[in-house]
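Structure record follows, encoded as structure tokens.
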């Protein structure tokens with residue numbers, strides 16, 4: 001891994017990103033995330049990189065292209081927080097998007113595409129409407145497969161977190177429920193929650209999520225079943241400001257080729273000359289048998 005505490009490979013065009021995630025497949029790490037510009041205007045779509053060592057990266061270009069979409073499509077202008085997921089040889093790409101045109105405006109919703117290869121091409125399943133049209137402010141889609149083979153689709157909505165059963169035949173959702181309640185005023189996650197992902201370790205379900213209450217932080221909820229109930233960790237927030245970074249969040253987890261668990265997330269450096277550029281951090285994480293979490297913090 002890079003000697004820097006964050007990923008940078010200018011030769012592959014990989015220098016800055018928000019909401020990063022990694023899928024491990026066939027001996028390689030496949031990375032995607034939110035591309036600039038982040039807040040205004042349009043971006044070109046969803047882009048992918050891959051690596052064998054988490055240091056040297058190959059740019060695979062756009063795997064979902066705005067230019068291929070008709071102007072009146074609900075998801076064609078601003079893409080963010082894409083994620084890759086594989087089940088039974090099918091690769092899914094969840095994404096969040098809006099149409100910023102005056103003629104066909106759409107605020108934002110979650111969509112999904114699928115492909116036979118991890119590098120695509122990806123075909124949109126939720127073409128006629130967003131996958132979660134019924135959820136207000138739906139955002140930050142992610143997927144998880146339980147031990148019994150059931151696939152789940154999770155996303156934020158109404159500033160809370162939701163989980164649904166996913167049907168791979170037609171991309172439909174069912175049996176959804178909300179995993180949390182609005183936190184009390186003054187708590188680290190009281191304003192809103194987003195950016196979740198789910199992972200199971202030592203028989204415990206961990207649902208990571210982020211909140212912008214204090215700028216940006218990330219914490220976790222645990223459960224004994226995917227159906228809950230979910231309990232917030234007393235360690236929260238787990239990813240928070242330190243001497244090296246601030247505004248850390250929207251993390252995702254993966255198991256490395258040598259069997260270790262890692263978190264990937266974006267954060268800003270505490271550098272007066274580079275304090276507002278999101279960098280891609282990867283840190284080892286240990287899920288202990290008692291349900292506690294230990295994240296390896298970098299040294300300057």
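The values are calculated or read from the model by the stated rules, or taken from the named source; none is laboratory data. Just so we're clear, the structure is a prediction, and the values are computed from it rather than from any experiment. Note: ideal-geometry Cβ built from the backbone for every residue, glycine included; neighbour counts use all protein chains shown.
So which of 56, 25 ends up being closer than 21 Å to residue 198 by Cβ, in contact with a strand residue (DSSP E or B) (Cβ under 9 Å, 6 or more places away or on another chain) and surrounded by fewer than 16 Cβ atoms within 10 Å (Cβ to Cβ)?
25
Can you tell me which residue within the range 190-214, out of those that are within 18 Å of the chain's Cα centre (by Cα) and part of a loop (DSSP other than H, G, I, E, B), is modelled with the lowest pLDDT?
The residue in question is 192.
Confirm whether residue 173 is out of contact with any helix residue (DSSP H, G or I) (no Cβ under 8 Å at 6 or more places or on another chain) and under 30 Å from residue 247 (Cβ atoms).
It is false that residue 173 is out of contact with any helix residue (DSSP H, G or I) (no Cβ under 8 Å at 6 or more places or on another chain) and under 30 Å from residue 247 (Cβ atoms).
Go through the residues of the range 170-180 one by one and say whether even a single one is in a loop (DSSP other than H, G, I, E, B) and at pLDDT 95 or above.
Yes, that holds for at least one residue.
So how many residues does the range 14-54 have that are farther than 13 Å from residue 80 by Cβ, within 20 Å of the chain's Cα centre (by Cα) and not in a strand (DSSP E or B)?
So the answer is 3.
Give the residues of the range 63-72 that are surrounded by fewer than 20 Cβ atoms within 10 Å (Cβ to Cβ) and part of a strand (DSSP E or B), sorted by residue number.
65
Which condition from (1) buried (at least 20 other Cβ atoms within 10 Å of the Cβ); (2) outside any loop (DSSP other than H, G, I, E, B) is the one that residue 226 breaks?
Going through (1) buried (at least 20 other Cβ atoms within 10 Å of the Cβ); (2) outside any loop (DSSP other than H, G, I, E, B) one by one, residue 226 breaks only (2).
Would you mind stating whether residue 231 is touching a strand residue (DSSP E or B) at 6+ places or on another chain (Cβ under 7 Å), surrounded by fewer than 18 Cβ atoms within 10 Å (Cβ to Cβ) and farther than 20 Å from residue 157 by Cβ?
So residue 231 passes the test.
Here are 212, 245: which of them is surrounded by 14 or more Cβ atoms within 10 Å (Cβ to Cβ), touching a strand residue (DSSP E or B) at 6+ places or on another chain (Cβ under 7 Å) and under 30 Å from residue 274 (Cβ atoms)?
From the options 212, 245, the qualifying one is 245.
So residue 38 passes all but one of these: (1) modelled with pLDDT of 95 or more; (2) closer than 17 Å to residue 15 by Cα; (3) touching a strand residue (DSSP E or B) at 6+ places or on another chain (Cβ under 7 Å); (4) surrounded by fewer than 19 Cβ atoms within 10 Å (Cβ to Cβ). Which condition number does it fail?
(1)
So which of 116, 128, 147 is over 12 Å from residue 80 (Cα atoms) and at pLDDT below 90?
None of the others qualify; the one that does is 128.
If the requirement is being under 21 Å from residue 22 (Cα atoms), surrounded by 21 or more Cβ atoms within 10 Å (Cβ to Cβ) and without any contact (Cβ under 8 Å) to a residue 60 or more places away in the chain, which of these qualifies: 97, 75?
The unique qualifying residue is 97.
Quick one: would you say residue 167 is free of Cβ contacts under 8 Å to residues at least 24 places away in the same chain, over 18 Å from the mean Cα position of the chain (by Cα) and closer than 26 Å to residue 92 by Cα?
It is true that residue 167 is free of Cβ contacts under 8 Å to residues at least 24 places away in the same chain, over 18 Å from the mean Cα position of the chain (by Cα) and closer than 26 Å to residue 92 by Cα.
For the range 241-295, enumerate the residues that are outside any strand (DSSP E or B) and within 21 Å of residue 31 (Cα to Cα).
Across the range 241-295, the qualifying residues are 256, 257, 258, 259, 260, 277.
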